[in-house]
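**Q** Pasting a structure below so you can have a look.
Nothing in this text is a laboratory measurement; each read-out follows from the coordinates by a stated rule. Quantities reported herein were computed from a predicted structural model and do not represent experimental measurements. Note that each Cβ is placed from the backbone with ideal geometry, even for glycine, and that neighbours are counted across all protein chains shown.
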Amino acid sequence: MEEQNTVIELVDESGNTVKFDLVMTFDYECKRYAALLPIDTVENVGDDEVVLLEVVKEKSGENFVTIDNPILLDEVFNEFIELFDEMADGDEGEEDE
């Protein structure tokens, strides 16, 4: 798992550029995933919702691909929540010291 503080610009289905804050990247089942928090308004995504995409490496660089399988999406989301909670717990432990 890698903590990020990076803004990523992606192009939606309508050809509009949308900005996201890269919350983290992580591996699940031998694949890489990214958790993104929308900076711009995204249709069907709430302000407090995270967008999960698969990171696919190609010759031209990394591409972010939609997770179409709802079961896989649930599994990736659960992995994200677990890692995010661990990260949050670690931050709280640092404040106690």
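**Q** For the chain, what does the helix formula give at 222 nm: sum of -39500 (n - 2.57) over DSSP H segments with n ≥ 4, over the residue count, nearest 500 deg cm²/dmol?
**A** Calculated from helices alone, the mean residue ellipticity at 222 nm is -10000 deg cm²/dmol.
**Q** Additional query: Towards the positive end of the charge dipole of the chain, with charges on Cβ (+1 Lys, Arg; -1 Asp, Glu), say which of 60, 11, 76 has the farthest Cα.
**A** Farthest along the dipole direction, towards plus: 60.
**Q** For the range 2-96, give the magnitude of the charge dipole about the Cα centre (Cβ charges: +1 Lys/Arg, -1 Asp/Glu; no others), in debye to the nearest 20.
**A** Its charge dipole is roughly 780 debye.
**Q** For Rg and Dmax of the Cα atoms in Å, which listed value, (i) 21.9, 60; (ii) 14.3, 52; (iii) 14.3, 49, comes from the coordinates shown?
**A** (iii)
**Q** Packing-wise, with mean Cβ within 10 Å as the measure, how do 75-87, 58-70 rank, highest first?
**A** Those peptides, ordered most packed to least, come out 75-87, 58-70.
**Q** Taking the Cα atoms only, what angle lies between the long axis of helix 70-96 and the longest principal axis of the chain, rounded to 10 degrees?
**A** 40
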